[in-house]
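Asker: This structure is in structure tokens; I'll ask about it shortly.
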Amino acid sequence: MLLRRLPSTAVSLATAALSRRYTSYLFSSQRRLQSFNSISFYPTISLLSFCSSSEISPEFTDLIADQSSKRGPLKPGQYLVGTPIGNLEDITLRALRVLKSADVILSEDTRHSGKLLHYYNIKTPLLSYHKYNESQREHTVLKRLKQGEIVALISDAGMPGISDPGTELAKICVDENIPVIPIPGPSAFLTALSASGLSTDEFTFVGFLPKHAGSRKERLVASASETTTQIFYVPPHKLGQFLEESSLIFGDSRQCVIARELTKIHEEFWRGTLGTAKEAFSTRQPKGEITLLIEGNSNSSVETPSESQLENDLRELISNGHSLSSAVKLVAEGTSMKKKTIYSLALRKFVKKTKADDSD
């Protein structure tokens, strides 16, 4: 989903000899090795993670293997492993342990994930698993799981199953009584929300909007009436379209945050109203996947739409295949008017017209 970058030019912390001395010093004490969570361990990670721009020091992965053996083998099952959304250093120690111990890693893009595994010196074999071959892979994966293997699933970035492949596999495993073990990791929408400055008490994660115009409008209308922060994933080439459509439904004055290139070198948080955003991004198309947040509806009194506005909204929904009652429900959700009032208008404007057309 979100493209991950490899770390930039490595920071040289010391000469190779000095690095070896530090490594020897930090790992020489058996007491330090006995406690995986010891505070003295974390500076060691920092030292090793900058030793090379292309891969991490073998001592690091050896340490993980050593600690894994002390903790005992992982239990068989389907592991859903969170991976970095941009910066490779954001992976967890537990995720590395699982990826190193697994019998196979299911990957959305094996070439892309191969860079992550190479960086951390993980040799576990990869098997492609994406939205185009999920159903074909199902039998193979289930067979391996039933044989007692450890199967790890990763996406290109973030948590599997969140706007990425993984949901169906988790469902199948649950139905087959196969353990599903989540390994928490980075998430683009939570990362963006935490730094957005918008309310975090309650929020709605919408993800990507539907491609169909009518379905997009339905989702935006429903979101516009909610009091919680609304969170969307927006492809960069569709940002202009999103801002145009959302500003019409949410209103130009609604506050929004556009977060892009999260955890990467060019990370950016743009803050302002939807109307201002529409103008600001009308002449430039940003690069990188975008997480767009819109503040919840805080107006207790929503402006009552005119009869002609209601009629136009109803007509568009009905022309897109919605039944009269479905169109009325959707329009009512986006206004302060009673559903009964809108239904009466729909009957007057559309049912009588249909009967008149039939008589002709």
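Asker: Of everything in region 207-234 that's under 11 Å from Ile294 (Cα atoms) and out of contact with any helix residue (DSSP H, G or I) (no Cβ under 6 Å at 6 or more places or on another chain), which residue is surrounded by the fewest Cβ atoms within 10 Å (Cβ to Cβ)?
Answerer: Ranking the candidates gives Thr227 first.
Asker: Is there a residue being modelled with pLDDT under 85, within 16 Å of Ile249 (Cα to Cα) and part of a loop (DSSP other than H, G, I, E, B) anywhere in region 312-332?
Answerer: There is no residue in region 312-332 that is modelled with pLDDT under 85, within 16 Å of Ile249 (Cα to Cα) and part of a loop (DSSP other than H, G, I, E, B).
Asker: Right, next: Kindly provide the set of residues from region 88-133 that are open to solvent by less than 30 Å² (accessible area, probe 1.4 Å), within 20 Å of Ser163 (Cβ to Cβ), among the hydroxyl-bearing types (Ser, Thr, Tyr) and in a loop (DSSP other than H, G, I, E, B), ordered by number.
Answerer: If the condition is that a residue be open to solvent by less than 30 Å² (accessible area, probe 1.4 Å), within 20 Å of Ser163 (Cβ to Cβ), among the hydroxyl-bearing types (Ser, Thr, Tyr) and in a loop (DSSP other than H, G, I, E, B), then Tyr129 is the only one that fits.
Asker: Can you give me the number of residues within region 270-291 that are open to solvent by less than 20 Å² (accessible area, probe 1.4 Å) and either out of contact with any Leu (no Cβ under 8 Å at 6 or more places or on another chain) or of a type in the set (D, E, K, R) (or both)?
Answerer: 2
Asker: So if I check each of Gly158, Gly148, Gly166, which one is small (Gly, Ala, Ser) and farther than 26 Å from Pro235 by Cβ?
Answerer: Going through Gly158, Gly148, Gly166 in turn, just one is small (Gly, Ala, Ser) and farther than 26 Å from Pro235 by Cβ: Gly148.
Asker: Quick one: which residue in Glu244, Glu267, Glu295 is open to solvent by 30 Å² or more (accessible area, probe 1.4 Å) and under 16 Å from Val206 (Cα atoms)?
Answerer: Exactly one residue qualifies, and that residue is Glu295.
Asker: Between a first residue in region 154-168 that is over 15 Å from Ile85 (Cβ atoms) and a second residue that is acidic (Asp, Glu), which pairs have beta carbons less than 7 Å apart while being 6 or more apart in sequence or on different chains?
Answerer: Between residues of region 154-168 that are over 15 Å from Ile85 (Cβ atoms) and residues that are acidic (Asp, Glu), the close pairs are Pro165/Glu108; Pro165/Glu134; Glu168/Glu134.
Asker: Among what's in region 247-264 and is surrounded by fewer than 19 Cβ atoms within 10 Å (Cβ to Cβ) and without any contact (Cβ under 8 Å) to a residue 40 or more places away in the chain, pick the residue that is nearest to Ser199 (Cα to Cα).
Answerer: Per the criteria, the residue is Ser253.
Asker: Give the residues of region 169-199 that are farther than 18 Å from Met159 by Cα, out of contact with any Leu (no Cβ under 6 Å at 6 or more places or on another chain) and assigned by the TED database to the domain that holds Phe232, sorted by residue number.
Answerer: Passing the criteria: Ala195, Gly197, Ser199.
Asker: Please indicate, with yes or no, whether at least one residue in region 295-304 is modelled with pLDDT of 95 or more, out of contact with any helix residue (DSSP H, G or I) (no Cβ under 7 Å at 6 or more places or on another chain) and in a loop (DSSP other than H, G, I, E, B).
Answerer: Looking for residues that are modelled with pLDDT of 95 or more, out of contact with any helix residue (DSSP H, G or I) (no Cβ under 7 Å at 6 or more places or on another chain) and in a loop (DSSP other than H, G, I, E, B), one finds at least one in region 295-304, hence yes.
Asker: Is it the case that some residue within region 179-195 is open to solvent by 40 Å² or more (accessible area, probe 1.4 Å), more than 30 Å from Gln309 (Cα to Cα) and part of a loop (DSSP other than H, G, I, E, B)?
Answerer: yes
Asker: Determine whether Ile85 is closer than 20 Å to Pro184 by Cβ, part of a loop (DSSP other than H, G, I, E, B) and among the hydrophobic types (A, V, I, L, M, F, W, C).
Answerer: yes
The values are calculated or read from the model by the stated rules, or taken from the named source; none is laboratory data. As the structure is a prediction and not an experimental result, all values here were calculated from the model. Neighbour counts run over all protein chains shown; Cβ positions are idealised from the backbone, glycine included. What goes into the accessible areas is simple: the full protein's heavy atoms, side chains included, and nothing from ligands, DNA or RNA. Shrake-Rupley method; radii C 1.70, N 1.55, O 1.52, S 1.80 Å.
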